[in-house]
Amino acid sequence: MFFDIGPLELVALVILAVLIFGPDKLPKVIQDVTGFIRKVRQFSDSAKEDIRSELGPEFKDFEFEDLNPKNFVRKHVLEKDEYGLQDIRNGFDVKQEMAEVTEAVRGNGDAGGGVRHSLTKDSPDAASGTSDRLTKRETPGVPDRPPFDADAT
């Protein structure tokens, strides 16, 4: 219920409650709040039971949590493997695929059917064995910037 409230926030709320209601009225306020929460829970439980009884015996295993789309998909598609989705999910080895792609891009292996370029003996990269796509090229001279026009902006 209070999963997203940290310990400092909880302490701040307690101090704020003591300051607002006072130490003598605080126990009565806490009893009233817990009684209200108890009544709301009883009301929701009785409403759920009324809905289940009105739906009939064919919906006796109906859970209201299944109305959440995430829970519905998890229960009916992912847990029951009627469609063979587990085999498809296990068929993908992302780490292996990424390693093969990385090797193909770097030119270390011929995984994935990549084209390997042969280097000529005249090219400067022939001695090092690297492709000139991987070497850093010299940047051409930067031309002068155009004059700044304050009226154009």
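What follows draws every value from the coordinates through simple rules; no lab data is involved. A quick note: this is a predicted structure, and the numbers were derived from the prediction, not measured. FYI the Cβ positions are ideal-geometry reconstructions off the backbone, even for glycines, and counts take in every protein chain you see.
Points worth noting:
- Filtered chymotrypsin sites (Phe, Trp or Tyr not before Pro), segment 19-78: DSSP coil and at most 16 other beta carbons within 10 Å: F62
- Rounded if a/c under 1.5, otherwise prolate or oblate - segment 1-78, Cα gyration tensor axes: oblate
- A simple spin-label model places the labels of F62 and I20 3.8 nm from each other, with each point 7 Å out along Cα-to-Cβ.
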